[in-house]
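Chemist: One structure is given below, represented as structure tokens, and several questions about it will come after.
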Amino acid sequence: MLSEITYSNPFSEKGQWFKGNLHTHSTYSDGLLTPKQLAYLYRNNGYSFLAITDHNKVADVRKLSTEDFLVLPGIEVDTGKGVLGSKYHIVGVDIEEEIKAESAQEAIDKIVELDGVAIVAHPYWSSLTLNDLLKLEKYLGIEVFNTTCEVDVLRGYSVVHWDMLLTAGRRVYGFAVDDAHWSFRQYKPVDACKAWIMVKAEELSREAIIKSIKKGLFYSSTGPVIKNLEIKNGKVVVECSPVKVIAFVVDHARGYVYFSQKNDLTRAEYRIRGNEIYIRIECKDSEGNTAWTNPIFIK
């Protein structure tokens with residue numbers, strides 16, 4: 001008999017899909033574009049919402065939302081230090097006031113008190129260890145992919161941090177973000193409009209989007225589309241746009257991976273044993289673009 005399964009499944013919820021980015025910088029801190037220019041850029045690249053999260057400052061975004069595009073206020077709080085000496089960066093989404101904090105936990109506490117979403121930014125880039133992350137509480141998730149960290153110094157992926165946290169029993173979500181600064185350098189790709197979350201929500205409003213994010217009704221991507229996920233008859237079944245790899249990532253080096261020589265995989269399944277801590281799915285195309293589901297937790 002299977003254990004209890006916990007998963008907020010966006011594919012079975014009513015509503016619409018909305019594409020958004022939760023980590024971006026403007027001229028209020030160290031970004032090249034103004035908040036208005038950022039909103040124009042993301043809206044015209046197919047996004048439905050954007051959070052502007054400047055370093056230790058809250059940009060004025062009150063007049064930037066339209067009927068078909070939502071701009072969320074936010075902040076990135078740089079504070080405290082991990083055991084290797086780097087600062088924690090805590091992103092706060094749906095935050096309208098500046099936050100001063102002496103530690104990462106204090107920053108998270110204040111974001112939560114203000115009913116915002118607290119996300120630990122780019123753990124790999126920040127040289128955070130598992131113990132650094134385990135010391136913190138009440139954050140909703142971590143950035144599993146960060147475009148700027150990848151194109152700047154090849155430290156964009158933090159899935160190892162995510163898996164270690166999940167294996168340790170922490171129920172945290174994974175976010176793909178841009179952290180766009182729109183900075184230029186020879187041979188460096190643009191760091192905007194490359195990563196996103198797909199949120200299932202009742203409507204494109206601040207309240208509905210934040211509510212769905214807090215419930216985990218989203219998946220992350222840098223390209224592939226996840227079309228459906230079902231848990232039935234003791235199996236997890238996923239359907240997606242054509243990809244080369246579909247991986248069921250499970251704690252303690254378990255799981256299963258489907259490989260193809262080309263982008264022709266669109267469906268895969270995994271039989272639940274019942275002794276897993278979590279199961280999450282990655283769909284990767286031949287160019288390395290990836291989609292990540294949030295974890296399915298097994299008790």
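The values are calculated or read from the model by the stated rules, or taken from the named source; none is laboratory data. Nothing here was measured: the structure is a model prediction, and the numbers come from that model. FYI the Cβ positions are ideal-geometry reconstructions off the backbone, even for glycines, and counts take in every protein chain you see. Heavy atoms of the whole protein, side chains included, go into the accessibility calculation; ligands, DNA and RNA do not. Shrake-Rupley method; radii C 1.70, N 1.55, O 1.52, S 1.80 Å.
Chemist: Under 8 Å by Cβ, and 6 or more places apart or on different chains, what pairs join a residue from region 56-68 that is more than 21 Å from ASP78 (Cα to Cα) with one that is in a loop (DSSP other than H, G, I, E, B)?
Modeler: ASP68/SER48; ASP68/LEU204
Chemist: What is the number of the single condition among (1) over 26 Å from SER29 (Cα atoms); (2) touching a residue at least 40 places away in the same chain (Cβ under 8 Å) that ILE197 does not meet?
Modeler: Against the list (1) over 26 Å from SER29 (Cα atoms); (2) touching a residue at least 40 places away in the same chain (Cβ under 8 Å), ILE197 comes up short only on (1).
Chemist: Ok, one more. Can you tell me which of GLY74, GLY92 is touching a helix residue (DSSP H, G or I) at 6+ places or on another chain (Cβ under 9 Å), at pLDDT 95 or above, closer than 20 Å to HIS25 by Cβ and in a strand (DSSP E or B)? Break it down stepwise before answering.
Modeler: Working: GLY74 fails: touching a helix residue (DSSP H, G or I) at 6+ places or on another chain (Cβ under 9 Å).
Of GLY74, GLY92, the one residue that is touching a helix residue (DSSP H, G or I) at 6+ places or on another chain (Cβ under 9 Å), at pLDDT 95 or above, closer than 20 Å to HIS25 by Cβ and in a strand (DSSP E or B) is GLY92.
Chemist: Tally time: how many residues in region 55-68 are surrounded by 21 or more Cβ atoms within 10 Å (Cβ to Cβ) and either small (Gly, Ala, Ser) or in contact with a Ser or Thr (Cβ under 7 Å, 6 or more places away or on another chain) (or both)?
Modeler: Number of matching residues: 1.
Chemist: Then there is this: Considering only region 266-278, I want to know if a residue exists there that is farther than 26 Å from THR6 by Cβ and in a strand (DSSP E or B). Full working, then the answer.
Modeler: At the first step, the residues of region 266-278 found to be farther than 26 Å from THR6 by Cβ are 266.
Still in the running and in a strand (DSSP E or B): 266.
Yes, region 266-278 contains at least one residue that is farther than 26 Å from THR6 by Cβ and in a strand (DSSP E or B).
Chemist: Taking GLY234 as the residue in question, decide whether it is at pLDDT below 95, surrounded by fewer than 21 Cβ atoms within 10 Å (Cβ to Cβ) and on the phi > 0 side of the Ramachandran plot. If you could, list the steps in order and put the result at the bottom.
Modeler: On the way: at pLDDT below 95: yes; surrounded by fewer than 21 Cβ atoms within 10 Å (Cβ to Cβ): yes; on the phi > 0 side of the Ramachandran plot: yes.
Judged against the criteria, GLY234 is a match.
Chemist: Continuing with this model, one more query. Would you please name the residue that is most open to solvent (accessible area, probe 1.4 Å), looking only at residues in region 2-37 that are basic (Lys, Arg) and touching a residue at least 60 places away in the same chain (Cβ under 8 Å)? Full working, then the answer.
Modeler: Quick first cut of region 2-37, residues basic (Lys, Arg) only: 14, 19, 36.
Checking which are touching a residue at least 60 places away in the same chain (Cβ under 8 Å) leaves us with 14, 19.
Working: LYS14: 181, LYS19: 43 Å².
The qualifying residue most open to solvent (accessible area, probe 1.4 Å) is LYS14.
Chemist: LYS262 versus (1) at pLDDT 95 or above; (2) of a type outside the set (S, T, N, Q); (3) not in a helix (DSSP H, G or I): which is the lone unmet condition?
Modeler: Of everything listed in (1) at pLDDT 95 or above; (2) of a type outside the set (S, T, N, Q); (3) not in a helix (DSSP H, G or I), LYS262 misses just condition (1).
Chemist: Looking at region 125-152, which of its residues are open to solvent by 30 Å² or more (accessible area, probe 1.4 Å) and free of Cβ contacts under 8 Å to residues at least 40 places away in the same chain?
Modeler: Just the residues of region 125-152 that are open to solvent by 30 Å² or more (accessible area, probe 1.4 Å), to begin with: 125, 127, 129-131, 134-135, 137-138, 140, 150-152.
Result: TRP125, LEU130, LEU134, LYS135, GLU137, LYS138, GLU150, ASP152.
Chemist: Output the qualifying pairs, or none if there are none: Cβ atoms under 7 angstrom, residues six or more apart or on different chains, first residue in region 236-254 and touching a residue at least 60 places away in the same chain (Cβ under 8 Å), second residue open to solvent by 10 Å² or more (accessible area, probe 1.4 Å) and polar (S, T, N, Q).
Modeler: Listed pairs, sorted by first residue: ASP251/THR167; HIS252/THR167.
Chemist: Do we find that ILE111 is free of Cβ contacts under 8 Å to residues at least 60 places away in the same chain, assigned to a helix (DSSP H, G or I) and open to solvent by less than 30 Å² (accessible area, probe 1.4 Å) in this structure? Don't jump to the end; show me each part of the working.
Modeler: Values: free of Cβ contacts under 8 Å to residues at least 60 places away in the same chain: yes; assigned to a helix (DSSP H, G or I): yes; open to solvent by less than 30 Å² (accessible area, probe 1.4 Å): yes.
It is true that ILE111 is free of Cβ contacts under 8 Å to residues at least 60 places away in the same chain, assigned to a helix (DSSP H, G or I) and open to solvent by less than 30 Å² (accessible area, probe 1.4 Å).
Chemist: Say we look at region 234-259 and pick out the residues that are assigned to a loop (DSSP other than H, G, I, E, B) and touching a strand residue (DSSP E or B) at 6+ places or on another chain (Cβ under 9 Å); which of these is farthest from TRP17 (Cα to Cα)? Break it down stepwise before answering.
Modeler: First, pick out the residues of region 234-259 that are assigned to a loop (DSSP other than H, G, I, E, B): 234, 244, 251-253.
Applying the additional criterion that residues be touching a strand residue (DSSP E or B) at 6+ places or on another chain (Cβ under 9 Å) yields 234, 244, 251.
On the way: GLY234: 27, LYS244: 24, ASP251: 29 Å.
Of everything passing the filter in region 234-259, ASP251 is farthest from TRP17 (Cα to Cα).
Chemist: Of (1) assigned to a loop (DSSP other than H, G, I, E, B); (2) buried (at least 19 other Cβ atoms within 10 Å of the Cβ), GLY46 satisfies all except one. Which?
Modeler: Looking at each condition in turn, GLY46 falls short on (2).
Chemist: I would also like to ask the following. Of these, VAL120, VAL83, VAL71, which one is farther than 25 Å from ARG185 by Cβ, surrounded by fewer than 23 Cβ atoms within 10 Å (Cβ to Cβ) and of a type in the set (A, V, I, L, M)? First the steps, then the outcome.
Modeler: Working: VAL120 fails: surrounded by fewer than 23 Cβ atoms within 10 Å (Cβ to Cβ); VAL71 fails: surrounded by fewer than 23 Cβ atoms within 10 Å (Cβ to Cβ).
None of the others qualify; the one that does is VAL83.
Chemist: Give the residue that is most open to solvent (accessible area, probe 1.4 Å), with candidates limited to residues of region 279-299 that are out of contact with any Phe, Trp or Tyr (no Cβ under 6 Å at 6 or more places or on another chain) and part of a loop (DSSP other than H, G, I, E, B).
Modeler: Here the answer is GLU287.
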